[in-house]
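Engineer: First, the structure itself, so that you have it in front of you.
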Amino acid sequence: MNAAPLASPFLGLRPFQSGDAELFFGRDQEIDELLKRLSSERFLAVTGASGSGKSSLVAAGVIPRLLGGGLRKLGGNWNVVQCRPGVDPHAAMAAALAKNGRLTAAELEAGVALPAVFEAVLRQSSRGLIDALRRQVGDASQHLFVIDQFEELFRYRQASLEHGAAEDDAAAFVKLLLTAASSKESQTYVIVTLRTDYLGQCELFHGLPEAMSRGHYLVPRLTREQLESTLSEPLQLFGATMDEALVQQVLLDVGDRPHLLPQLQHALLRTWHHWEKRATTEPLQ
């Protein structure tokens, strides 16, 4: 299947996804480091400030590199499942698993929904994620679960408590991840992305602080050279360049403030659209 043609060199406010890997520049060193850690730890917590690019680093950096055989030590046949906890983490995980799952003949005859089947499996025990993988279609030898915006789980837990529910549901979800990542039965890996201001809340769940201590990665600020790469290299794919004065102004404005990266992408996208309308061959200004 051919990839869809690139529409523009910048994405705007939305984070990078796996399909945006061609436009993701400036983080090669961080991708290499995360793959190195993944080769020895099966649970990784990628943390950083809001807007620091942790979700994009995993989605558009680590996952495409992994699927492309970037971690030969572990093989190249990967099943990647991505979700966010949202307002119901078990349901979110079940929906993600169902994208590559299958129903039994009896379930087909009964007319049950595949996400509901997966959710029931997940809730049966702490081995639910391991058991759910047996219903996945394909012959992948390694499985990677990416839980983006893991801090949503803490908000879910708090909302559940405020409505009189037991806290076991959020704790059970964490247990699913930790059990799968530590199981010798399947090669299952877990990456969570988490805002640093929620790190203290990890102690609410048994086993999570220990797992995060072993596999914690704090996303570093982009260096000046890396930031310049995120400006110039996407434009090169479109045969365009950026005026040097604008490059220097952007570098000065962003400085060492990582939370401005989404706003930078948005400003660059607006500038790109304005430049396109001018139908000029001059550098982006």
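The values are calculated or read from the model by the stated rules, or taken from the named source; none is laboratory data. Because the structure is a prediction, the values reported are computed rather than measured. Here the Cβ positions follow ideal geometry from the backbone for every residue, glycine too, while neighbour counts run over all protein chains shown. Areas reflect the complete protein model, heavy atoms only, side chains present, ligands, DNA and RNA absent. Shrake-Rupley method; radii C 1.70, N 1.55, O 1.52, S 1.80 Å.
Engineer: Just wondering, is there one or more residues in segment 161-175 that are more than 19 Å from the chain's Cα centre (by Cα), closer than 25 Å to residue 37 by Cα, without any contact (Cβ under 8 Å) to a residue 60 or more places away in the chain and assigned to a helix (DSSP H, G or I)?
Structural biologist: yes
Engineer: Listed residues 121, 112, 117, 146; which is touching a Cys at 6+ places or on another chain (Cβ under 9 Å) and on the phi < 0 side of the Ramachandran plot?
Structural biologist: Matching residue, one of 121, 112, 117, 146: 146.
Engineer: Right, another one. So which residues in segment 21-48 are surrounded by fewer than 17 Cβ atoms within 10 Å (Cβ to Cβ) and in contact with a helix residue (DSSP H, G or I) (Cβ under 6 Å, 6 or more places away or on another chain), if there are any at all?
Structural biologist: Passing the criteria: only 39.
Engineer: Checking the condition without any contact (Cβ under 8 Å) to a residue 12 or more places away in the chain, surrounded by fewer than 17 Cβ atoms within 10 Å (Cβ to Cβ) and within 21 Å of residue 43 (Cα to Cα), which residue from 134, 155 passes?
Structural biologist: Just one listed residue meets the conditions, 134.
Engineer: Still on this model: Any chance you could count how many residues in segment 197-254 are under 17 Å from residue 46 (Cα atoms) and of a type in the set (A, V, I, L, M, F, W, C)?
Structural biologist: Total satisfying the criteria: 8.
Engineer: If a residue has to be within 15 Å of residue 190 (Cβ to Cβ) and either free of Cβ contacts under 8 Å to residues at least 24 places away in the same chain or among the hydroxyl-bearing types (Ser, Thr, Tyr) (or both) to count, how many in segment 72-92 make the cut?
Structural biologist: Here the count works out to 1.
Engineer: Okay, next question. Give me a count of the residues in segment 1-57 that are within 12 Å of the chain's Cα centre (by Cα) and among the hydroxyl-bearing types (Ser, Thr, Tyr).
Structural biologist: Of the residues in segment 1-57, 4 are within 12 Å of the chain's Cα centre (by Cα) and among the hydroxyl-bearing types (Ser, Thr, Tyr).
Engineer: Give, as residue ranges, the helices (runs of 4 or more DSSP H) completely inside segment 177-263 that count at least 2 residues that are touching a helix residue (DSSP H, G or I) at 6+ places or on another chain (Cβ under 6 Å), open to solvent by 30 Å² or more (accessible area, probe 1.4 Å) and aliphatic (A, V, I, L, M).
Structural biologist: Answer list for segment 177-263: none.
Engineer: Inspect segment 25-33 for any residue being touching a Pro at 6+ places or on another chain (Cβ under 8 Å) and part of a loop (DSSP other than H, G, I, E, B) and give the result as yes or no.
Structural biologist: Yes, segment 25-33 contains a residue that is touching a Pro at 6+ places or on another chain (Cβ under 8 Å) and part of a loop (DSSP other than H, G, I, E, B).
Engineer: Return the only residue of 264, 268, 231, 251 being of a type outside the set (Ser, Thr, Tyr) and touching an Asp or Glu at 6+ places or on another chain (Cβ under 7 Å).
Structural biologist: 251
Engineer: When only residues in segment 126-160 that are at pLDDT below 90, assigned to a loop (DSSP other than H, G, I, E, B) and not polar (S, T, N, Q) count, which is farthest from residue 105 (Cα to Cα)?
Structural biologist: In this case the residue turns out to be 140.
Engineer: Then there is this: Going through segment 97-122 one residue at a time, which ones are outside any helix (DSSP H, G or I) and hydrophobic (A, V, I, L, M, F, W, C)?
Structural biologist: Result: 103, 112, 113.
Engineer: Can you tell me which of (1) open to solvent by 30 Å² or more (accessible area, probe 1.4 Å); (2) in contact with a helix residue (DSSP H, G or I) (Cβ under 8 Å, 6 or more places away or on another chain); (3) under 23 Å from residue 42 (Cβ atoms); (4) of a type outside the set (Lys, Arg) is the one residue 100 doesn't meet?
Structural biologist: All conditions pass for residue 100, except number (2).
Engineer: Out of 61, 76, 12, 70, which single residue is assigned to a loop (DSSP other than H, G, I, E, B) and within 30 Å of residue 276 (Cβ to Cβ)?
Structural biologist: That would be 12, the only listed residue that is assigned to a loop (DSSP other than H, G, I, E, B) and within 30 Å of residue 276 (Cβ to Cβ).
Engineer: Hey, among 232, 213, which residue is closer than 30 Å to residue 37 by Cβ and touching a strand residue (DSSP E or B) at 6+ places or on another chain (Cβ under 8 Å)?
Structural biologist: After applying the criteria, what remains is 232.
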